[in-house]
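The values are calculated or read from the model by the stated rules, or taken from the named source; none is laboratory data. For clarity, every value in this text was computed on a predicted model and none was experimentally measured. Positions of Cβ are backbone-derived with ideal geometry, glycine not excepted, and every protein chain shown enters the neighbour counts. Keep in mind that these areas ignore ligands, DNA and RNA; they rest on the heavy atoms of the full protein, side chains included. Shrake-Rupley method; radii C 1.70, N 1.55, O 1.52, S 1.80 Å.
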Amino acid sequence: MATQLVPDVAIPCSLAEGLRGFVGECHSDCLVGTLLLKGDRIGGLIRGDSTSATKLLFPAPVESHAHLDKCHTIDRMQFTGGDLSAALEAQRADKDNWTEEDLRTRATRGLTEASSAGCKAIRSHVDWGQESSAPLAWSVFLEMAQDTKLHLQLAALTGIDQLADPAFASKVSKQIPSGHALGSFVLNHTRTREGILNAFKTAADRGLALDFHVDETTDPSSNGLEIIADIALETGHKGPILCGHAVSLASQPDEVRKRIIDKLARAGIFIVSLPTTNLYLQGRAGSVPAARGITPINELRDMGVQVVIGTDNVRDAFCPVGRHDPVRALELAVLASHLDPPLDLWLPAITTTAGDAIGLSSPSLQDAPLSEFRIADASDLSILVSGAAHRPATTLLKELTR
């Protein structure tokens with residue numbers, strides 16, 4: 001198979017680190033050189049004539065935490081903003097509008113946004129409600145998952161008190177096909193430990209991934225995250241465990257926070273930070289925001305926890321603005337969480353690590369198919385994250401034949 005050469009290509013340093021056949025000049029947070037292509041696969045990187053790049057190769061983004069059942073509903077709400085409780089109430093009232101046509105139309109809009117943002121996969125939570133039988137959105141989205149080119153994964157969003165009932169948990173889990181996730185909302189419930197323990201047991205019995213909304217508050221008395229970590233360590237649960245929000249972790253005293261983070265790292269639990277929604281809802285103590293409402297991303301990563309960044313809510317009661325775009329979510333996280341350069345350390349949070357968090361295999365550069373990657377009109381990651389245009393990396397093949 002003939003090798004084709006693409007000059008002036010940048011690859012994030014962290015992606016190429018330690019790989020044979022990938023050498024070039026270091027520029028900012030990237031390795032710059034001439035990309036070798038063998039058919040439609042990546043063959044390596046060699047030193048080129050230039051130390052600057054005109055194209056940036058990076059893995060396709062993964063949206064690890066979204067709510068397609070809620071998205072794009074803000075325009076029909078008499079809603080002026082508020083905290084998590086106000087958002088829950090406003091969104092609950094809007095469910096009267098959730099017909100099959102409405103759900104399909106709004107979810108299609110969300111998926112189109114994610115596809116336009118270059119996503120290869122998206123996990124959407126689906127509110128389960130009070131009954132053990134699947135809600136309408138679940139059946140509609142399962143059908144859509146079969147039709148979309150984008151990999152659509154669902155997580156059943158129940159209350160943790162509901163999962164404390166073995167019969168309820170069993171019935172819900174049997175309606176979750178392989179490849180999707182059992183999820184739950186954990187926030188100072190009365191049967192938190194019992195529900196979490198049963199969630200682990202049910203997921204293990206059915207071979208399902210686990211996905212928790214946990215401690216979505218700045219109140220340090222809310223500590224469902226540590227219970228999840230404790231049970232994960234006690235049970236030795238196999239399979240990805242993803243915990244979203246974890247806002248109260250940032251409010252814990254230093255020794256408590258470090259203790260919890262150590263447990264998370266040992267248990268292999270992924271944490272997904274959701275800056276858009278948490279910045280909007282949290283810290284509303286008065287006329288001036290009192291707290292950032294963001295989990296401590298830097299400290300989590302420094303102590304060995306795999307951190308992911310997600311978009312969460314888009315134009316609904318929980319966040320009245322936004323779009324399904326992981327690169328944009330990373331840009332906001334840089335500002336909200338003081339994520340310092342080099343940015344190649346943080347790109348995995350919306351690409352390879354994000355894929356791992358929802359049980360998808362991450363592409364390695366060595367002999368990887370171009371279809372797993374994107375090409376941006378950028379020379380480094382700051383330009384990419386700042387909004388550079390990007391397209392499927394397979395377009396390189398067409399460009400070479402011109």
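Keeping the other protein chains in place, figure out the carbon and sulfur percent of the accessible area of the chain, with a 1.4 Å probe. Walk me through the numbers on the way to the answer.
Numbers: 8150 of 16490 Å².
So the carbon and sulfur contribution to the accessible surface is 49 percent.
Using alpha carbons only, what's the Rg to Rh ratio of region 196-332 with Rh from Kirkwood? Please list the in-between numbers first.
On the way: Rg = 15.1 Å, Rh = 15.5 Å.
That ratio equals 0.98.
So if I take the centroid of the Cα atoms in region 203-249 and the same for region 119-159, what is the distance between those two points in Å?
20 Å
If you roll a 1.4 Å probe over the heavy atoms of the protein chains, what accessible area per residue do you get for region 7-109, in Å²?
Working: 4670 Å² over 103 residues.
So region 7-109 comes to 45 Å² accessible per residue, rounded to a whole number.
How big is the gap, in Å, between the Cα center of region 85-115 and the Cα center of region 318-337?
That distance is 19 Å.
Near the amide H of residue 30, under 5 Å away, which other amide H atoms are found, from residues 5 or more places off or on another chain, if H is placed in the peptide plane?
Amide H neighbours of residue 30: 13.
Beyond 29 Å, what share of the Cα-Cα pairs of the chain remains, rounded to the nearest whole percent? Don't jump to the answer; show the numbers that get you there.
Values: 35312 of 80601 pairs.
Looking at the chain, the distances longer than 29 Å represent 44 percent of pairs.
Give the angle, between 0 and 90 degrees and rounded to the nearest 10, that separates the Cα long axis of helix 192-206 from the longest principal axis of the Cα atoms of the chain.
In the chain, helix 192-206 runs at an angle near 60 degrees to the longest axis.
How far is helix 326-337 tilted off the main Cα axis of the chain, in degrees rounded to 10, range 0 to 90?
Value to nearest ten degrees: 70.
May I ask for the distance between the Cα centers of region 10-71 and region 264-316, given as a whole number of Å?
Using only Cα atoms, the two centres lie 27 Å from each other.
With 24 Å as the limit, write out which pairs from 149/201; 120/174; 201/258; 174/238; 70/120; 55/120 have Cα-Cα distances beyond it, or answer none. Display every interim value, and only then the final one.
Numbers: 149/201 33 Å; 120/174 27 Å; 201/258 27 Å; 174/238 19 Å; 70/120 21 Å; 55/120 20 Å.
With Cα atoms farther than 24 Å apart: 149/201; 120/174; 201/258.
From the residues 353, 298, 329, which one has its Cα farthest along the dipole of region 280-369 in the positive direction, the dipole being from +1 and -1 charges on Cβ of Lys/Arg and Asp/Glu about the Cα centre?
Going by the Cα projections, it comes out as 329.
Can you work out the accessible area per residue across region 118-201, with the rest of the protein chains kept in place, probe 1.4 Å, in square angstrom? Spell out each step's value before the answer.
On the way: 3390 Å² over 84 residues.
For region 118-201, the solvent-accessible area averages 40 Å² per residue.
Between rounded, prolate and oblate, where does region 294-367 land on the alpha carbon gyration tensor, with a ≥ b ≥ c its root eigenvalues, rounded for a/c under 1.5, else prolate if a/b exceeds b/c?
Working: a/c = 1.85, a/b = 1.31, b/c = 1.41.
Oblate.
Check each of the trypsin sites (Lys or Arg not before Pro) in region 98-205 and keep only those in coil by DSSP with at most 14 other C-beta atoms within 10 angstrom; list them in order.
Values: sites: 104, 106, 109, 120, 123, 149, 171, 174, 191, 193, 201; in loops: 120, 149, 174, 191.
Within region 98-205, the qualifying trypsin sites (Lys or Arg not before Pro) (loop, at most 14 other Cβ atoms within 10 Å) are 149, 174.
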